[in-house]
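Before any comments, here is the structure.
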Protein chains: 4
Amino acid sequence: MGKNRLEAFSDGVLAIIITIMVLELKVPHGESVEALTPLVPVFLSYVLSFVYLAIYWNNHHHMMHACYKVTGQILWANLHLLFWLSLVPFVTGWMGENRFAAAPAALYGAVLLMAAIAYWILQQLIIRSQGRDSILKKAVGGDWKGKISPVLYAIAIALAFLSPWMTLAIYVLVALIWLVPDRRIERVLATNAT
Amino acid sequence: MGKNRLEAFSDGVLAIIITIMVLELKVPHGESVEALTPLVPVFLSYVLSFVYLAIYWNNHHHMMHACYKVTGQILWANLHLLFWLSLVPFVTGWMGENRFAAAPAALYGAVLLMAAIAYWILQQLIIRSQGRDSILKKAVGGDWKGKISPVLYAIAIALAFLSPWMTLAIYVLVALIWLVPDRRIERVLATNAT
Amino acid sequence: MGKNRLEAFSDGVLAIIITIMVLELKVPHGESVEALTPLVPVFLSYVLSFVYLAIYWNNHHHMMHACYKVTGQILWANLHLLFWLSLVPFVTGWMGENRFAAAPAALYGAVLLMAAIAYWILQQLIIRSQGRDSILKKAVGGDWKGKISPVLYAIAIALAFLSPWMTLAIYVLVALIWLVPDRRIERVLATNAT
Amino acid sequence: MGKNRLEAFSDGVLAIIITIMVLELKVPHGESVEALTPLVPVFLSYVLSFVYLAIYWNNHHHMMHACYKVTGQILWANLHLLFWLSLVPFVTGWMGENRFAAAPAALYGAVLLMAAIAYWILQQLIIRSQGRDSILKKAVGGDWKGKISPVLYAIAIALAFLSPWMTLAIYVLVALIWLVPDRRIERVLATNAT
């Protein structure tokens, strides 16, 4: 399996997910500014999910950059990741339409948690396929972001039934943690090149 | 017709099919966990179809890897395959919304059957275009998976009006048969390279 | 403007058009086979439009194969073609839901006519950009298919208010005319290569 | 981050945005020509947005052509641009369904304004990444189009509550300003090549 086709397919799926998500922003019937009010939480959910999917696209690219051979396992681990990400538009719409109510906010976190686990599995399989001197292993290093994210998601899910706003704040926090550009892989690749 | 553009177009169509299918998972109106209950069969249908389309994408890639020349016939056989696969979101939605009732379960199998036949035709055309020493022919060998799948689909369709759950079990079984990674083509290609 | 990016963008748009068209096949509410009956004309319209879009994709590829330089005019003529093709899902849905009634059948033909004109303009611009020895001009030759199609569409539109079924028959006829593989360009390219 | 993957992803997102926009053209229930009347403003909005997105695709391509290194900042500035463009189908639908009423027409302009600002930020980041001899800086030169567009959008938004038709006229005007092919970058690249 060529790496290029895997990347192209993943990019295609991510581009479609990120774009059809906007279809949950249903055109309101009224023509006044007030008609937009019920859409505000839907819009905010959209912004959050857009950022999450953009982070995944970005990190996925960096990870694949450090992957030289695509095995059957890597291919299916990648599809597994895409599966959970494909559910983002659904949970985004449900959370937005119910103004961040408890159950939708928890389900949103559950999908993020599963996607994070799927990403971790994919990363481990690529590292294992590279043997002892795995360049990806060196690149991710301690991988504190990858380790803390699932923990934060789990806390957020548990908190959803107490305070959905705390839950939401944690989702925003995790996104911000990842938004800080991840130069680890770039740095190791640059070092190896010299 | 360049092989690359055919692959890219097929990948595009498959990526879109696999992704818009999630639009059948309509955002429920309630905000409670119970509001999700009617969506469970829709979700399970989605998982099944996601796996089927992923298998097709995977096998399609391996097959095209062993295809060196795209004739007009191969091009149209490929479009014929994409046509049947494009109906998967529709039958997935109908089966899911009617909790695996008889007619929807049978129609789901009919579309899978037509796609399997379309895949077989495409495979035959590629083999024929390669002449006597067809590398693809060597690669698929006895092709027992390709032969048993249509038979199982036909049995599943017939069973739908007796026991839709048996039908569903067969669909899951066929997916599992294919999920076992198909290393035949890879092996033959590797042998030829040495 | 690189030809590759123009091709990739056109392929992307065509792949999406051909795929979202299936969303007009709305999942019926009943679970019986009879629930599918009102969908039969929608399905037939879908098949017809799928074939038309596949023909456009195929011919577009052959034409771009004989295009070496993308000017601003060619780029906009290409977008103009994509615009009319993007309306195909809409007219397909309207024609299918109204069982080939007069006005929808005529509008379907009008969109096909505009797409045919847009294709012709694109072809002329590519030929003109190639100067006197245009390889594309040699390839399309008399271009009887390109000339007869708009005439047939115009007749079909006029007939729609008399007999929509005649109109439909003409649409099928034009599709069949184009389905016969167009080897003109391939032949001229092959001749030039020797 | 490879430039190719950034371009391919941007193209994918733009192709999907431009295409799903047509889903706002809801298939009417009647079969008469009159059933189309309420769709006329939706259709006109669609044409306007199609042209705007086509202009963005075109200009984006030219800009990326003059970009040699993709930094993390450029990558996020590009995603920021795609975010605002992804809202075009929503505002197009709202404006079309309310026949160019004040609030929808103003919001349409607000999204165009934000996209223009996002485009400008992306352009500045690319120029800055190229240092003193930035080829893109030379290419865009005075960039009067880029400077006048936000001003015109702002005027159009302010006018929306007085005369939506004036607002619309300004949107059409800005599109026409950009439709004139932008040969600046091509010219500078050609000069540099000699």
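Only one of (1) under 24 Å from residue C:14 (Cα atoms); (2) without any contact (Cβ under 8 Å) to a residue 12 or more places away in the chain; (3) within 12 Å of chain D (Cβ to nearest Cβ) is not met by residue A:13, so which one is it? For residue A:13, the failing item is (2).
So, residue A:52, is that one over 19 Å from residue A:101 (Cα atoms) and within 19 Å of the chain's Cα centre (by Cα) or not? Yes; evaluated as a whole, the condition is true for this residue. Restricting attention to segment D:23-43, the residues being surrounded by 15 or more Cβ atoms within 10 Å (Cβ to Cβ) and acidic (Asp, Glu) number 2.
For the residues A:111, A:88, the requirement of being free of Cβ contacts under 8 Å to residues at least 40 places away in the same chain and under 18 Å from the mean Cα position of the chain (by Cα) singles out A:111.
Taking the stated definitions as given, is residue D:81 within 14 Å of another protein chain (Cβ to nearest Cβ), under 22 Å from residue D:25 (Cβ atoms) and within 13 Å of the chain's Cα centre (by Cα)? In short, no. Among the residues here, residue B:114 does not qualify as modelled with pLDDT under 95 and aliphatic (A, V, I, L, M).
Of the numbered criteria (1) under 13 Å from the mean Cα position of the chain (by Cα); (2) within 12 Å of chain D (Cβ to nearest Cβ); (3) buried (at least 20 other Cβ atoms within 10 Å of the Cβ), the one residue A:20 fails is (1). Looking only at residues in segment A:23-41 that are β-branched (Val, Ile, Thr) and facing chain D (nearest Cβ under 10 Å), which one is farthest from the chain's Cα centre (by Cα)? The selected residue is A:33. Can you confirm whether residue C:32 is polar (S, T, N, Q) and out of contact with any Lys or Arg (no Cβ under 7 Å at 6 or more places or on another chain)? So residue C:32 passes the test. Residues in segment A:55-86 that are polar (S, T, N, Q), crowded, with 19+ Cβ neighbours inside 10 Å and under 22 Å from residue B:56 (Cβ atoms): A:78, A:86. For the residues A:110, A:103, A:54, the requirement of being farther than 23 Å from residue D:5 by Cβ, at the interface with another protein chain (Cβ under 9 Å from one of its Cβ atoms) and of a type in the set (A, V, I, L, M, F, W, C) singles out A:103. So which residues in segment D:118-169 are surrounded by fewer than 18 Cβ atoms within 10 Å (Cβ to Cβ), touching a residue at least 60 places away in the same chain (Cβ under 8 Å) and in a helix (DSSP H, G or I)? Matches in segment D:118-169: D:129, D:165.
The residues on offer are D:115, D:105, D:101, and the sole one that is surrounded by fewer than 22 Cβ atoms within 10 Å (Cβ to Cβ) and among the aliphatic types (A, V, I, L, M) is D:101. Would you confirm whether any residue within segment B:62-72 is under 15 Å from the mean Cα position of the chain (by Cα) and under 24 Å from residue B:128 (Cβ atoms)? Yes: one or more hits. Could you say whether any residue in segment C:58-67 is within 14 Å of chain D (Cβ to nearest Cβ) and modelled with pLDDT under 90? No; the residues of segment C:58-67 include none that is within 14 Å of chain D (Cβ to nearest Cβ) and modelled with pLDDT under 90.
The values are calculated or read from the model by the stated rules, or taken from the named source; none is laboratory data. This is a predicted model, so every value here is computed, not measured. Virtual Cβ from ideal backbone geometry, glycine too; neighbours counted across all protein chains shown.
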